[in-house]
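Okay, structure first, notes after.
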Amino acid sequence: MQDTIIENATAVLKDRVVPHASVLIRGQLIEEISKQPGFSDKYPGARKIDADGAFLLPGFIDIHSDNIETVIQPRPQSMIDFELAMREQEKQLVNQGITTMYHSLTIMDTNFGGERVAQKQQLRSPENLTKLIGLIRNFHEGDHLIRHRFHCRYEITNTRGYSMLLGFIRNRDMQLLSFMDHTPGQGQYRNLEFFKSQIMSSQQSEEEKERILSQRMNRAKLTDEQLAVAADMALQAGIPIASHDDDSPEKLDYVTGSLHAEICEFPVELEVAKEARRRGMQVVVGAANILMGRSHYYNLSALDAIRAGCADILVSDYFPAAILHAVFQLYEQGILSLPEAVNMAAYHPAKAVKIEDRLGSIEPGKCADLLLVSKKGPVPVILSVLINGEEVTRLHYRNDFVGEDGVRYD
């Protein structure tokens, strides 16, 4: 494989920004980072990529995104072929700077009714989930643009799917496991009135809402013993474990003690995020939360958590493009330095899922998953993406308003 040199880049390393940098890629790995003038002259046979001053970032690692569900099922009654959807999605993801995607698939009991659940019942059936998980593995091992991994989001009210969960762990089908509980009255839905007004249909009577709410609040859950068995199996298999929507120190006691969780996804209150961080957990916040300035369920503001120094990881959650824009917003608003903001999207998630030895930062010996990013006005845009040292996409922004003949064209 021909050597590649990216020259004249503004390289964003873990701890500093290096202007006018050259990065030598040999094979699939980063070989050297240099500020030496004329560095590329030492390698006359290397392919040269002139960054023209653009930012050079490590590829983003998104460890929590259910966007694939939306791509497969863009409307409640429309189901797109799974492989077609995966092919189309990864073309979008790579041009949004995401080079490693942990597809976050929810393993829930589809026999339970409700409007929002019903829309996803067909996609989330055991047969379709098994098919999609197999496709994620096949993409990762076969022809693909980006790295595809499986984040198993297990709803603990899914008592029917327990054996499926154990099978996924036993077969090493997943690369990340999170335990979720969306029972109203705690976690994300601790405000019952908000749940009724925002989650339930406005067409339902108050009596119907109360009936459904009671059903949901009284659903059976996996026992502590069952959850501990699954968590122990995952730990022994080397699968990272996350908790979800933690709402109290007592919940943190349980998820860290019994479930071996080292990742805290979307804590719902600032004090819980602070406590999770104090315990050494990696705290996850949503990039879209940053762009909107709030949680879409009016829980913890990601900006508040970052300002308080108790957030580590940015994830897209449901809008993959948000990561790139959130990184630059955090930097340009003076909330974080550029290396700190980039680390939230690359190095910290890599560390959380235990792949930081080869991904997540621009360092010699690591895989050359790299992004060239420029600005178009206030908006950061991807110019080029390399994965394992190979350029997989290049975008050229045109300005055809004035032609070569000097004539202005509308």
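Scanning the range 303-329 for residues that are under 17 Å from Arg277 (Cβ atoms) and touching a strand residue (DSSP E or B) at 6+ places or on another chain (Cβ under 9 Å) yields Leu303, Ala305, Ile306, Cys310, Ala311, Asp312, Ile313, Leu314, Val315. His260 - would you say it is in contact with a strand residue (DSSP E or B) (Cβ under 6 Å, 6 or more places away or on another chain) and more than 25 Å from Asn67 (Cβ to Cβ)? Taking the combined requirement at face value, the residue satisfies it.
Residues in the range 49-83 that are open to solvent by 60 Å² or more (accessible area, probe 1.4 Å) and closer than 20 Å to Ala287 by Cα: Thr70 only. In the set (1) open to solvent by 40 Å² or more (accessible area, probe 1.4 Å); (2) under 15 Å from the mean Cα position of the chain (by Cα), Arg279 fails one condition alone, (2). Return yes or no: is Val392 of a type outside the set (Gly, Ala, Ser) and under 18 Å from Ile49 (Cα atoms)? Yes, satisfied. Scanning the range 370-382 for residues that are in a strand (DSSP E or B), surrounded by fewer than 16 Cβ atoms within 10 Å (Cβ to Cβ) and either free of Cβ contacts under 8 Å to residues at least 40 places away in the same chain or of a type outside the set (Val, Ile, Thr) (or both) yields Lys375, Lys376.
Among residues that are closer than 28 Å to Ser178 by Cβ, part of a strand (DSSP E or B) and open to solvent by less than 10 Å² (accessible area, probe 1.4 Å), Val385 is included.
Scanning the range 124-146 for residues that are farther than 20 Å from Thr70 by Cβ and touching a strand residue (DSSP E or B) at 6+ places or on another chain (Cβ under 7 Å) turns up just one, His140.
Those helices (runs of 4 or more DSSP H) of the range 182-261 in which 2 or more residues are open to solvent by 30 Å² or more (accessible area, probe 1.4 Å) and at pLDDT 60 or above occupy 206-217, 224-236, 249-257.
Looking at Leu291, is it open to solvent by 60 Å² or more (accessible area, probe 1.4 Å), under 30 Å from Pro378 (Cβ atoms) and not hydroxyl-bearing (Ser, Thr, Tyr)? Taking the combined requirement at face value, the residue satisfies it. Considered as a group, the residues in the range 168-181 that are part of a strand (DSSP E or B) and in contact with a Lys or Arg (Cβ under 8 Å, 6 or more places away or on another chain) include one that is modelled with the lowest pLDDT, and that residue is Met180. The residue that is farthest from Ile72 (Cα to Cα), counting only those in the range 325-339 that are open to solvent by 10 Å² or more (accessible area, probe 1.4 Å) and either of a type in the set (Ser, Thr, Tyr) or under 17 Å from the mean Cα position of the chain (by Cα) (or both), is Ser337.
For residues that are under 28 Å from the mean Cα position of the chain (by Cα), under 13 Å from Leu372 (Cα atoms) and either without any contact (Cβ under 8 Å) to a residue 24 or more places away in the chain or open to solvent by 20 Å² or more (accessible area, probe 1.4 Å) (or both), tally how many sit in the range 1-15. Before you say what the answer is, go through the steps one by one.
First pass over the range 1-15, keeping only residues under 28 Å from the mean Cα position of the chain (by Cα): 6, 9-15.
Narrowing further to those that are under 13 Å from Leu372 (Cα atoms): 6, 9-12.
Going one step further and asking which of them are either without any contact (Cβ under 8 Å) to a residue 24 or more places away in the chain or open to solvent by 20 Å² or more (accessible area, probe 1.4 Å) (or both), we end up with 10.
Counting residues in the range 1-15 that are under 28 Å from the mean Cα position of the chain (by Cα), under 13 Å from Leu372 (Cα atoms) and either without any contact (Cβ under 8 Å) to a residue 24 or more places away in the chain or open to solvent by 20 Å² or more (accessible area, probe 1.4 Å) (or both) gives 1.
Count, please, the residues in the range 6-35 that happen to be outside any strand (DSSP E or B) and out of contact with any strand residue (DSSP E or B) (no Cβ under 7 Å at 6 or more places or on another chain).
5
Residues that are farther than 24 Å from Val373 by Cβ, at least 2 per element: which strands (runs of 3 or more DSSP E) completely within the range 36-109 meet that?
It comes to 98-107.
The values are calculated or read from the model by the stated rules, or taken from the named source; none is laboratory data. Not measured: the values here are computed from a predicted model. In this analysis, Cβ positions are derived from the backbone assuming ideal geometry, glycine residues included, and neighbour counts consider all displayed protein chains. Please note that ligands, DNA and RNA were not included when accessible areas were found on the heavy atoms of the full protein model with its side chains. Shrake-Rupley method; radii C 1.70, N 1.55, O 1.52, S 1.80 Å.
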